[in-house]
Amino acid sequence: MTKVSLPYLQVFPDRHGRRRVYFRRAGFPRVALPSDTSSPEFLEAYQSALTAGPKGLPTPSSHSARTIHNLISRYYSSPHFEPLAAGTKRSYRSHLEPFRQSYGHLSVAGLRTSHLEQIFLGMGGKLGKATNLRKRLHKLFDVAQQLGWVDRNPVTATKLPKSKSGGFAAWSDADIDRFKERWPEGSRERLALLLLLLTGQRRSDVVGMGWQHVSDGRISVSQQKTSARLKIAIHPDLCEAIDAGCPRTQLTFLLTERGKPFSEAGFTAWFVERARMAGLNDRSPHGLRKSAGRRLAEAGCSTKQIAAVLGHRTLSEAERYTRDADQAHLADSAIARLKG
């Protein structure tokens, strides 16, 4: 009998010594499967269990116009979605389309808070994906409420366990120094680091920066994610790196080995690999945006000044940097008093 290794599969002998095979997945029905895991009957039953919905999901809608499938289509053409940047739209679709594929046939009105929590639970340990899906579904059901398809948004009352992760890891000053040691002045890697760190912008904005955006000692940015328009003074270190490594004929400051502008995903893959080559694991371009905010706060910048550089839409987003910097300053002062 073929030995198999499939997710959610439980194989054990019962008290009579007979082989038992079950499909077991948190939040989903427990399904008995044929004991011969090499048989076509087993594969068919396993696939059926794998594609089944969580326990207690509503039956398919009898009103085909009010299915999850059609709600997502309506959302894509709504004022909530259409004005978004192209990259943001791609990101939102990457969460909504798998949901549509699995649950698109279901009734919008029949999908309850308890059903949604079972779906999130069924995503296992992928808390980040569950959190992002919850955000997208909240907007989706806002549209359903506006259309009159539901009386209230069922996503609002759903809860997810708190993530212990702070998201992308920020670079420490030691990390930055180590990267600089590996990638000297004049290298693309050093220029990429300085563009991220000294402008505080996202990868989506950094990969498109070029001479055409430079004027009067500032670099102009129209953020892809927020559409915010910024003008940021160019730090002397960054100015020197750009002047040394970027001819005026170059379309963007950063180019691939083939002399083409980077895509967002291509730049991230390249930069993460360059960080690994410097002995830095789990370090990303977005982590340098966090470091930029930290350094601005440690330099004594106000919340408004940090928001002006990073392009935060609300001051609360920038407050965490000043809060952390104030904590460190107050702690230093407290220990200094003990020394006195």
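Normalised by the number of residues in the chain, the average gap of Cα pairs under 8 Å and 6 or more apart makes the relative contact order 13 percent.
The phi torsions of the stretch 224-230, fed into the Karplus equation with coefficients 6.51, -1.76 and 1.60 and a -60° offset, translate into couplings of 5, 6, 10, 6, 5, 9, 10 Hz, rounded to whole numbers, with Gly and Pro shown as x. Shape analysis of the stretch 9-51 places it in the oblate category; the axes a ≥ b ≥ c from the Cα gyration tensor give an a/c of at least 1.5, with a/b not above b/c.
For the pair the stretch 305-320 and the stretch 127-206, the centres of their Cα atoms are 15 angstrom apart. Estimated at 0.36 nm per residue, the fully extended path between residue 277 and residue 35 surpasses their Cα-Cα distance by 82.3 nm. Counting charges near residue 231 (Lys, Arg +1; Asp, Glu -1) among other residues having Cβ under 12 Å from its Cβ returns a value of +1.
Among the trypsin sites (Lys or Arg not before Pro) in the stretch 237-301, those located in a DSSP loop and surrounded by at most 10 other Cβ atoms within 10 Å of their own Cβ are 248, 258. For the stretch 268-295 versus the stretch 321-340, the inter-centroid distance based on Cα atoms is 28 Å. Within the listed set 317, 257, 181, the Gaussian network model of the chain (springs between alpha-carbon atoms below 10 Å) gives the highest mean-square fluctuation for 257.
For helix 173-182, report the angle its Cα long axis makes with the longest principal axis of the Cα atoms of the chain; keep it between 0 and 90° and round to the nearest 10°. Rounded to the nearest ten degrees, it is 80. Prolate is the label for the chain. Its Cα gyration tensor axes, ordered a ≥ b ≥ c, give a/c of at least 1.5 and a/b above b/c.
Axis angle, to the nearest 10 degrees, between helix 264-277 and the longest C-alpha principal axis of the chain: 70 degrees. Using a/c under 1.5 as the rounded threshold, could you call the stretch 64-210 rounded, prolate or oblate? The axes a ≥ b ≥ c are square roots of the C-alpha gyration tensor eigenvalues, and prolate needs a/b larger than b/c, oblate otherwise. Here the stretch 64-210 falls in the prolate category.
Under 5 Å from the amide H of residue 150 lie the amide H atoms of 145, each residue being 5 or more positions distant or on a separate chain, with H modelled from the backbone and absent for Pro and chain starts.
How high is the FRET efficiency between residue 269 and residue 78 when r is their beta carbon distance and R₀ equals 45 Å, given to the nearest 0.05? After rounding, the FRET efficiency stands at 0.85. Helix 285-298 and the longest principal axis of the Cα set of the chain meet at an angle near 50°. A simple spin-label model places the labels of residue 160 and residue 319 2.3 nm from each other, with each point 7 Å out along Cα-to-Cβ. When the chain is treated as a Gaussian network with alpha carbon springs shorter than 10 Å, the biggest mean-square fluctuation among 105, 329, 95 belongs to 329. Note that the stretch 245-260 has calculated 3J(HN,Hα) couplings of x, 10, x, 5, 7, 6, 5, 10, 5, 9, 10, 6, 4, 8, x, 10 Hz, one per residue in order, obtained from phi through the Karplus relation 6.51 cos²θ - 1.76 cosθ + 1.60 (θ = phi - 60°); glycine and proline are x. Full extension of the chain segment joining residue 244 with residue 222 gains 5.4 nm, where the gain is 0.36 nm per residue of separation less the Cα-Cα distance.
Taken together, the values in this text are just the output of simple stated rules run on the coordinates, not laboratory data. Computed from a predicted structure; not experimentally measured. For neighbour counting, all protein chains shown are included, and Cβ atoms are generated from backbone atoms with ideal geometry for every residue, glycine included.
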